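Chemist: Just passing along the structure, written as structure tokens.
The values are calculated or read from the model by the stated rules, or taken from the named source; none is laboratory data. Because the structure is predicted, anything quoted here is derived from the model rather than measured. When we count neighbours, we look across all protein chains shown, and the Cβ atoms used for this are built from the backbone with ideal geometry, even at glycine. These accessible areas exclude ligands, DNA and RNA; they are computed on the full protein's heavy atoms, side chains included. Shrake-Rupley method; radii C 1.70, N 1.55, O 1.52, S 1.80 Å.
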Amino acid sequence: MKNNNLKIPKHVGIILDGNRRWAQDHNLPKFEGHKAGYEKLKEISEYAIDLGVEYVSAYIFSTENWNRNKDEVKYLLDLALWVATKEVKKVHKQGIRIRFLGSKLGLGDKLLNAIEKAEKLTMKNSRGTLALCFNYGGQQEIVESVNKLLKLGSEIVTQKQFENELYAPDIPPVDLIIRTSGEQRLSNFMLWRASYAELYFVNQHWPAFSKGDFDIALAEYADRQRRFGS
């Protein structure tokens, strides 16, 4: 879809729901659902940036996901490491900056070092930003921000000071949040940045979500009147 008159959101957040259900529907192991989900993320994020979206944030591993089966958790951690060490090279060649948003708690040094190197490699890229919300929880982000300010000895905190202590404070508020697989809730995603986000829910499982589906979401967003409390 190329429509120069269409209102394009600056920041799109995506809750990638339904990878495991998609795999089950196709009689595949759940790991194949996560793999297909990542391939779909590459496709949709590149497409979004081509359309003029400056930031795409993807909810790929929540703080609650640690409660899943150990083998599945290990697969997701290994996938994150692979993205940060191998796939990041492709992202870099495309001129896309990559950012990881999430808590460092529970992540090993190997993965943390890979994340740091991936962000450093792509930090000067300006075509668009892909923000991967990994080991992320909106409530945890707020708690960690408060604790940072307390350590600084802050007594009265402004909104700007608080926002400066969020994960990746350069990432702006979300304009549009898309959630797949028929669920209609935020599930602890971008709680601070989503304060005035438009919400769009679709029934397709994430690996089945298409560029056409993304076009429909953008058209729906363009038709809405954002009031910001006015």
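Chemist: Looking at segment 153-187 only, could you name the residues that are under 25 Å from Lys40 (Cβ atoms), open to solvent by less than 60 Å² (accessible area, probe 1.4 Å) and of a type outside the set (Ser, Thr, Tyr)?
Modeler: Once the filter is applied, which keeps residues that are under 25 Å from Lys40 (Cβ atoms), open to solvent by less than 60 Å² (accessible area, probe 1.4 Å) and of a type outside the set (Ser, Thr, Tyr), segment 153-187 yields Ala168, Ile171, Pro172, Val174, Asp175, Leu176, Ile177, Ile178, Arg179, Gly182, Glu183, Leu186.
Chemist: Yes or no: Asn203 assigned to a loop (DSSP other than H, G, I, E, B) and under 21 Å from Ala131 (Cα atoms)?
Modeler: Working: assigned to a loop (DSSP other than H, G, I, E, B): yes; under 21 Å from Ala131 (Cα atoms): no.
In short, no.
Chemist: Related question: Which numbered condition trips up Leu150, out of (1) open to solvent by less than 80 Å² (accessible area, probe 1.4 Å); (2) assigned to a helix (DSSP H, G or I); (3) aliphatic (A, V, I, L, M)?
Modeler: Every listed condition holds for Leu150 apart from (1).
Chemist: Suppose the filter is closer than 18 Å to Ile171 by Cβ and at pLDDT below 95; does Lys104 pass it? Outline the logic, then answer.
Modeler: Numbers: closer than 18 Å to Ile171 by Cβ: yes; at pLDDT below 95: yes.
It is true that Lys104 is closer than 18 Å to Ile171 by Cβ and at pLDDT below 95.
Chemist: I would also like to ask the following. Taking segment 46-62 only, how many residues are crowded, with 20+ Cβ neighbours inside 10 Å and either of a type in the set (D, E, K, R) or in a helix (DSSP H, G or I) (or both)?
Modeler: Pass one, segment 46-62, residues crowded, with 20+ Cβ neighbours inside 10 Å: 48-49, 53, 55-62.
Now drop any that are not either of a type in the set (D, E, K, R) or in a helix (DSSP H, G or I) (or both), which leaves 48-49.
Number of matching residues: 2.
Chemist: Quickly run through segment 196-207 and pick out the residues that are open to solvent by 50 Å² or more (accessible area, probe 1.4 Å) and more than 16 Å from the chain's Cα centre (by Cα). Don't jump to the end; show me each part of the working.
Modeler: Our first condition is that a residue be open to solvent by 50 Å² or more (accessible area, probe 1.4 Å); within segment 196-207, this holds for 196, 199, 201, 203-204.
Scanning segment 196-207 gives Tyr196, Asn203, Gln204.
Chemist: Could I ask something else about it? Could you tell me whether segment 122-132 includes any residue that is farther than 18 Å from Leu16 by Cβ, without any contact (Cβ under 8 Å) to a residue 40 or more places away in the chain and not in a loop (DSSP other than H, G, I, E, B)?
Modeler: yes
Chemist: Moving to a separate point now. Which pairs have Cβ atoms under 6 Å, sit 6 or more apart or on different chains, and link a residue in segment 192-209 that is among the charged types (D, E, K, R) to one that is open to solvent by 50 Å² or more (accessible area, probe 1.4 Å)?
Modeler: Short answer, once both residue conditions are applied: Arg193/Pro173; Glu198/Arg224.
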